[in-house]
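*Asks:* Please see the structure below; I have some questions.
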Amino acid sequence: MIFAVDVGNTNITCAIMEDMKVVTSFRITTKMQRTSDEFGILISEFLKNGDINIGNIEDVIIASVVPAVMHSLVNGIVKYLNKKPIIVGEGTKTGLMIKTANPKEIGADRIVDAVGAYELYGGPVIVCDFGTATTYDLITDNGTFTAGITSPGIRISANALWNDTAKLPEIEIELPPSILAKDTVTSMQAGLVYGCIGQTEYIIRKVKEESGYKNLKVVATGGLGRLISENCDAIDTYDRDLTMKGLWLIYLKTKK
């Protein structure tokens, strides 16, 4: 089994993977400063609560878009798990070709998701990740990461609404009963959720149109991906564990 870690802007998602299956998983807040010992103790306790014997962990692999936490996180893992992590980055074997203006600018999380989507669902495929940011990445039929679109995530948009307006309240992000809202809360929910659905459908349609891939597969992931995918005809599949599966696949390629 391996310990897979996805360091995102909001959360650090951790999972024990075995044969591409998530055995147990947990999340740690990213934006809190921690020492290596704090990371090590937190991870050890979470693993213990999941009935995971640390001695059975063969390797650790990390994808990160937050450089500031990496020193403490890596040192905590080395000290408490006795493993030197594989860091997904430049030079990592992914099986993908990246043809963008500056490949180094592509976040490790997007590369990992692209690997997972291409290997599991085939190409051409577009990956929609509904996380802190909402991203749409196109991988061609021959495994080339060729284009990416980035927009504010639903929570970023929601935070802007209630932080930058005097009378709009903080709300739960969910699909309202109707887009014809009758009160402030449902009007905000309608704008946020239906707005994201509309954006998703339009972007996917334009990607198909401009790429020429009419039969493009569409795979969604991310925290709010299920909510959007269940209400968006343009999405074919929702895979909650796509990032972890991508990390597992990259781990196998690295070991080969």
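*Asks:* Among the numbered conditions (1) within 17 Å of the chain's Cα centre (by Cα); (2) surrounded by fewer than 17 Cβ atoms within 10 Å (Cβ to Cβ); (3) not acidic (Asp, Glu), tell me where Ile41 comes up short.
*Replies:* (1)
*Asks:* In the range 129-165, what residues are surrounded by 13 or more Cβ atoms within 10 Å (Cβ to Cβ), among the charged types (D, E, K, R) and in a helix (DSSP H, G or I)?
*Replies:* Arg155 - this is the single residue of the range 129-165 that is surrounded by 13 or more Cβ atoms within 10 Å (Cβ to Cβ), among the charged types (D, E, K, R) and in a helix (DSSP H, G or I).
*Asks:* Can you name every residue in the range 223-249 that is part of a loop (DSSP other than H, G, I, E, B), buried (at least 18 other Cβ atoms within 10 Å of the Cβ) and either more than 12 Å from the chain's Cα centre (by Cα) or not hydrophobic (A, V, I, L, M, F, W, C) (or both)? Show your work before the answer.
*Replies:* First pass over the range 223-249, keeping only residues part of a loop (DSSP other than H, G, I, E, B): 223-224, 230-236, 239-241.
Now drop any that are not buried (at least 18 other Cβ atoms within 10 Å of the Cβ), which leaves 223-224, 232, 234-235, 239, 241.
Result: Gly223, Cys232, Ala234, Ile235, Asp239, Asp241.
*Asks:* Now for a different question. On the basis of being without any contact (Cβ under 8 Å) to a residue 12 or more places away in the chain and out of contact with any strand residue (DSSP E or B) (no Cβ under 8 Å at 6 or more places or on another chain), does Gly76 make the cut?
*Replies:* On the way: without any contact (Cβ under 8 Å) to a residue 12 or more places away in the chain: no; out of contact with any strand residue (DSSP E or B) (no Cβ under 8 Å at 6 or more places or on another chain): yes.
Criteria not met by Gly76.
*Asks:* Another question, then. Do any residues in the range 146-169 that are touching a residue at least 12 places away in the same chain (Cβ under 8 Å) have Cβ atoms under 7 Å from those of residues that are surrounded by 12 or more Cβ atoms within 10 Å (Cβ to Cβ) and basic (Lys, Arg), where the two are at least six apart or on different chains, and which pairs are they?
*Replies:* Gly148/Arg110
*Asks:* Tell me, yes or no, whether the range 205-222 has at least one residue that is closer than 12 Å to Ile154 by Cβ, crowded, with 19+ Cβ neighbours inside 10 Å and within 19 Å of the chain's Cα centre (by Cα).
*Replies:* Here is the first cut: in the range 205-222, the residues closer than 12 Å to Ile154 by Cβ are 222.
Add one more test, that the residue is crowded, with 19+ Cβ neighbours inside 10 Å, and what stays is 222.
Next, only the ones that are within 19 Å of the chain's Cα centre (by Cα) stay: 222.
Yes: one or more hits.
*Asks:* On the given criteria, is Glu18 at pLDDT below 95, closer than 17 Å to Thr254 by Cα and charged (D, E, K, R)?
*Replies:* On the way: at pLDDT below 95: yes; closer than 17 Å to Thr254 by Cα: yes; charged (D, E, K, R): yes.
Criteria met by Glu18.
*Asks:* Going by the conditions given, is Leu168 part of a loop (DSSP other than H, G, I, E, B) and either of a type outside the set (Ser, Thr, Tyr) or surrounded by 14 or more Cβ atoms within 10 Å (Cβ to Cβ) (or both)?
*Replies:* On the way: part of a loop (DSSP other than H, G, I, E, B): yes; either of a type outside the set (Ser, Thr, Tyr) or surrounded by 14 or more Cβ atoms within 10 Å (Cβ to Cβ) (or both): yes.
Against the criterion (part of a loop (DSSP other than H, G, I, E, B) and either of a type outside the set (Ser, Thr, Tyr) or surrounded by 14 or more Cβ atoms within 10 Å (Cβ to Cβ) (or both)), Leu168 qualifies.
*Asks:* When residues of the range 18-44 are filtered for being in a helix (DSSP H, G or I), farther than 22 Å from Lys245 by Cα and among the β-branched types (Val, Ile, Thr), how many remain?
*Replies:* 1
*Asks:* So, one more: Testing Val65 on (1) within 23 Å of Lys253 (Cβ to Cβ); (2) out of contact with any Lys or Arg (no Cβ under 9 Å at 6 or more places or on another chain), one condition comes back false. Which one is that?
*Replies:* With respect to (1) within 23 Å of Lys253 (Cβ to Cβ); (2) out of contact with any Lys or Arg (no Cβ under 9 Å at 6 or more places or on another chain), Val65 is out only on (2).
The values are calculated or read from the model by the stated rules, or taken from the named source; none is laboratory data. Note that the structure is predicted; figures quoted are calculated from it, not measured. Every residue, glycine as well, gets a Cβ built from its backbone with ideal geometry; the counts of neighbours run over all protein chains shown.
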